Each structure stands twice: as structure tokens, then as C-alpha cells.
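To start, the structure under review is shown below, and the notes come after it.
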Amino acid sequence: MSKILIVGGAGYVGGWLTDEAIRDGHEVRVIDNLTYEDSYLKNVDFVFGDVLDFDLIKNNLSWADTVVWLAALVGDPACAINPSLTKKINVDSVKNLVDHFDGRVIFPSTCSVYGAQNGLLNEESAVGPLSLYAASKLEAENILLKSNATPLIFRLGTLFGISDTYARLRVDLVLNVLTIRAVLEGTMSVFGGEQYRPLLHVKDVATAVIPHLNDSTSGIYNLSTENVTILQLAERIQKIVNKVKIEQTEISFQDARNYRVSTDKVNKELKFVPRYTIENGIQEVANAITQKRIKDVGNPKFNNSESLRLQWKG
């Protein structure tokens, strides 16, 4: 049994990953400042703290065999609100990590580092981040790769679906928000629609991470389930949520990023096989909304950038 420190473990990705690590027999400790949560009630060793409290982080690193570093400001709009703070959280905290820990580090980056490109992109393809979020993740990747740690870096596709029973649903992710609109409004507005996204169920981050908590696998791996266009995604939602119209509109819902990624490397070298499909994610989000399991899906806490704007305004 290894000691696994999950920094940012109370969030959307960390919720299910924490559960899976425990099920796999590891001793788990979570550090989180509960940016988007009101409480942390999971029966797990928990440290309330911020990644910018470098002393606190350093003290807990000495406990760990492996660090899963999930802490970050995530998403283009959220990171753009306060660029200085984004750099501190997404980059400077990673510098502090490698300054005080040279063991196993597993780090989620983003396929957004590729920017807008044609063709099927692999891990050797040129990068061209179009946002502060992507640029900060790419800078953190380079810090890890140049360090004495053993970093395993996953460039995640656009996440979707429901995590564990505690983590909030994110409504600022394309599959989730289109499904919610389909259920509540009966219409999905799609801007353009031909832009590709690699999609990944939030639970499949753990599917990739857990088998490699203890080994020495390192390097960069694209991680996604499937590449689909926004229009194709809307059409697949339409098959599950009845009587829904698709309106292609000039109102920009998403940005101009357009990219498809190859997962040949992670499939072959790490034997990654996703457990959850796009249809699984559509169905579970649709069920949550239809069954009114979320009292107010419009609450800003479900949206990273809106939640942060309210917090920082206050």
C-alpha cells in the first residue's frame, strides 16, 4: 500500500479518483481549499489548505510516496479573470512541488495546449496554446519534465459526466451544458459545429491514473475517449433526449479551438481502455436534470468562472 497525496482532491476530477485510489488499497490524503465546495464530508484524511501555502504543501509532501497534482485554476474563462493569480496557482505551485519532492508525480494537463490545428495530433505534434489556461499548463509540464521527479503527464480531453457522489456537476463543459439545455429548453444552439473536441468522461481520468500510481512510467500521454465535432455531439444528445431541436447559430458558444488527438500511445503503452462512453455521460447528466437531483442547475457554483467572479468580487 502506497501513500497517495491528492492535491486538489475535493474537485470534479479528484472526487472519483480519490475513491478509486482507496478501492485499489492505497492510503490517501487530500489537500484542498474547497474553492467550489461548501464542505468536505468524505471519510478521507483531509487537510484544508491552499497550494500557495508553500510550507503546508512541503510538510505534506514528506508524507507521500506519490503525488497526484490536480490543483489548478481550470478553463479559459476562469484563468483569464486574474492572470497573475493563475500563474501563481498553475505554475509557481508546481515549481514549489518539484523543489521539495523528487518522487512520483502524476499531473493532468490539457489537450488545449495544441490550440487550433488540422489533422490527428499526437504527443510529438507542435503545441500552440491559445489561452492563458493552456499556456500555464504547458509551462507546468516543462517544469515537471526538467525536474528530478518521475512525472506522468496526461493531456486531458474536454471532460464530461458526473464524478463521485460529493463533487459538483460542472455546467461549463460542452457535453454537460448541451445536455442540460436539451432537457430544460428543448433546443441546443451550436455555433458553427464543425470544430472538433476530444472528449473524456471525468471518471476515466482515474481509469488511466490508478494503475500507474506505483510504477515508473513517465512522459506525456494524450487522454481521451473519442474525437467528435460539436454538431455530432448535439446529434448524439438528440438521440437520447427526445424532441430536441438543434439550431446552428452565429452566436459563439465555444471558442475557435479545433483539434483531434491520437490516443495510440496511451492505448498501446499504458493499455488504457475507457470505461465510459459519450452516451453514458449524456444519459447520466440528463437523468440528474430530469429527476431534479440538482435543485438549481443555474447556481454559479457549478460554473468555474462565474463562481470565481462572485468570490473575488466579494
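Hey, can you grab everything whose amide H is under 5 Å from the amide H of Q248? Only 5+ residues off in sequence or another chain; H modelled, so Pro and N-termini drop out.
Amide H neighbours of Q248: V190.
So who's got an amide H within less than 5 Å of the one on R155, skipping anything under 5 residues away but keeping other chains? H placed 1.01 Å off N, in plane.
For R155, whose amide H was placed from the backbone, the distant partners under 5 Å are S109, Y221, N222, L223.
Within a 10 angstrom radius of the beta carbon, how do M1, M188 rank from fewest other beta carbons to most?
Ordered by Cβ neighbours within 10 Å, fewest first: M1, M188.
State the Cα centre-to-centre distance between segment 266-311 and segment 190-240 in whole Å.
Segment 266-311 and segment 190-240 have Cα centres separated by 12 Å.
Starting from a Cα-only point model with no solvent, please compute log10 I(q)/I(0) by Debye for the chain at q = 0.12 1/Å.
-0.79
Just from its helices, what would the mean residue ellipticity at 222 nm be for the chain, if runs of 4 or more DSSP H residues each count -39500 (n - 2.57) and the sum is divided by every residue, rounded to the nearest 500 deg cm²/dmol?
-10000 deg cm²/dmol, from helical runs alone.
With contacts defined as alpha carbon pairs under 8 Å and 6 or more residues apart, what's the relative contact order of the chain in percent?
20 percent
Using only Cα atoms, locate the centre of segment 168-185 and the centre of segment 1-51, then give the distance between them in Å, rounded to an integer.
Each part reduced to its Cα centre gives a spacing of 25 Å.
Charges on Cβ only, +1 for Lys and Arg, -1 for Asp and Glu, centred on the Cα centroid of segment 3-313; of V67, Y221, V297, which one is farthest towards the dipole's positive end?
Positive-most Cα among the choices belongs to V297.
Answer with one residue from M1, F160, N33: the one whose Cα lies farthest towards the positive end of the charge dipole of the chain, charges on Cβ with Lys, Arg +1 and Asp, Glu -1.
F160
Using only alpha carbon pairs under 8 Å that are at least six residues apart, calculate the relative contact order of segment 176-314 and give it in whole percent.
Dividing the mean separation by the residue count of segment 176-314 yields 36 percent.
How much of the DSSP beta bridge set in segment 30-189 is antiparallel, as a percent to the nearest 5?
Once the DSSP bridges in segment 30-189 are tallied, antiparallel ones form about 0 percent.
Order by neighbour count: R168, R104, R275, R197, fewest other Cβ atoms within 10 Å first, most last.
R275, R168, R104, R197
Throughout, read-outs are computed from the coordinates displayed, never taken from laboratory work. Given the structure is predicted, the values throughout are model-derived calculations rather than measurements. Glycine gets a Cβ as well: all are built from the backbone with ideal geometry, and neighbour counts include every protein chain shown.
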